[in-house]
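The values are calculated or read from the model by the stated rules, or taken from the named source; none is laboratory data. Every value quoted in this text rests on a predicted model; they were computed, and no experiment measured them. Methodologically, a virtual Cβ is constructed for each residue, glycine included, from the backbone with ideal geometry; neighbour enumeration extends over all protein chains shown.
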Amino acid sequence: MKRIGLVGARGHTGRELIRILSARDDLALAFAVSRSSAGRPVTDMAEEADPSLVFEALSADDIAARGADAVILAMPNGAAAEYVAAIEAHAPETVIVDLSADYRFDDAWVYGLPEIYGRGPIRGATRIANPGCYATAGQLCVAPLRPWLSGPAHLFGVSGYSGAGTTPSRKNDTEALKDNLMPYGLLGHMHEREMTRQLGTDVRFSPHVAAFFRGITLTAQLEFTGTVSADQLRAAYDTAYADEPLITVTDAIPEIADGAFKPGAVVGGFMLADDGRRAVVVAALDNLLKGAAVQAVQNLALALGLEELKGIA
């Protein structure tokens, strides 16, 4: 049994992580850090949790001293550094899975998207950067066609407002979102840079947030250097994800409902221009699951040498 610490346990993703960890008999949640909820039973938020656990307000040094086998950091961008520094100083063998964007651009960290970049680099790794939710959907659309692309991949994404976190803002204000679709981050979005870096091809990304709570749909417009047939287009995805139980390939156009509350992602809706030189591909996933918590537990299990999908699928 591996002992896991969770920092940022009170957020939407933290709640999903507690549920998934509680479904496994090889991972035990050793402590859950939330300053705002310190002293409250974890079962107040997640009934699946060990009844003896309470939320704690631990410092970075306290966390490093707890002797956990792994720590999951589920905090906003910019908050991870002090925890990473304390663990590296006092317990460097501890596995860290960071869900923020803080280390996705750091070559010393493994980027953990196993369905695209493989499981080998994650196995035995101690520093793992969890991909972003939009970035996961976008890369699943683009990766199988990288050798054919003639220019930037153009991606249009819509997310539920849980993606904006629990800190109040216009992007999670249900009144502002009512009967509305809110564009934001239209140039230089973090996930645009993340996808461009990882895919090795330029990405143009336009994110939006809508009035539903969870889920992502992402539409990719892709142009090719040569002519592609409909059979070649579909075969590229069938081949890429043939052995991936969390990725479903379909001719139907994926919608929010196809990804929400599901542990994996759906990729499909394949449309090809008459000249065979442009295609449209759509992905749907749950931003809190495959876009965050499920992916984190996949990465954690691989790093610790455990079964990847136990408690997930």
Considering only residues that are among the small types (G, A, S) and under 9 Å from A60 (Cβ atoms), which ones fall in segment 82-93? A85, A86
Which of the residues spanning segment 277-295 are of a type in the set (A, V, I, L, M) and assigned to a helix (DSSP H, G or I)? L289, A292, A293, V294
Single residue of V297, V281 found to be in the same structural domain as N77 (by TED's automatic domain parsing) and touching a residue at least 60 places away in the same chain (Cβ under 8 Å): V297
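Here is a yes/no grid of residues against (1) outside any loop (DSSP other than H, G, I, E, B); (2) over 23 Å from N77 (Cβ atoms); (3) of a type in the set (S, T, N, Q); (4) within 17 Å of the chain's Cα centre (by Cα):
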position: E192; (1), (2), (3), (4): yes, no, no, yes
position: T196; (1), (2), (3), (4): yes, no, yes, yes
position: S206; (1), (2), (3), (4): yes, no, yes, no
position: D231; (1), (2), (3), (4): yes, yes, no, no
position: R234; (1), (2), (3), (4): yes, yes, no, no
position: P245; (1), (2), (3), (4): no, yes, no, yes
position: F261; (1), (2), (3), (4): no, yes, no, yes
position: V266; (1), (2), (3), (4): yes, yes, no, yes
position: D275; (1), (2), (3), (4): no, yes, no, no
I'd like the residue in segment 176-190 that is crowded, with 16+ Cβ neighbours inside 10 Å and at pLDDT below 95 and, out of all such residues, is farthest from the chain's Cα centre (by Cα). G185
Per the list (1) under 18 Å from R127 (Cα atoms); (2) under 16 Å from the mean Cα position of the chain (by Cα); (3) not aromatic (F, W, Y); (4) not in a loop (DSSP other than H, G, I, E, B), residue check on E16 breaks on (1)
Do you know which residues across segment 210-229 are within 28 Å of the chain's Cα centre (by Cα) and assigned to a loop (DSSP other than H, G, I, E, B)? A211, F212, F213, R214, G215
Just to be sure, is A240 at pLDDT 95 or above and small (G, A, S)? yes
Take segment 100-134 and flag every residue that is closer than 18 Å to A80 by Cβ, part of a loop (DSSP other than H, G, I, E, B) and basic (K, R). R104
How about segment 135-154: which of its residues are outside any helix (DSSP H, G or I) and buried (at least 23 other Cβ atoms within 10 Å of the Cβ)? A153
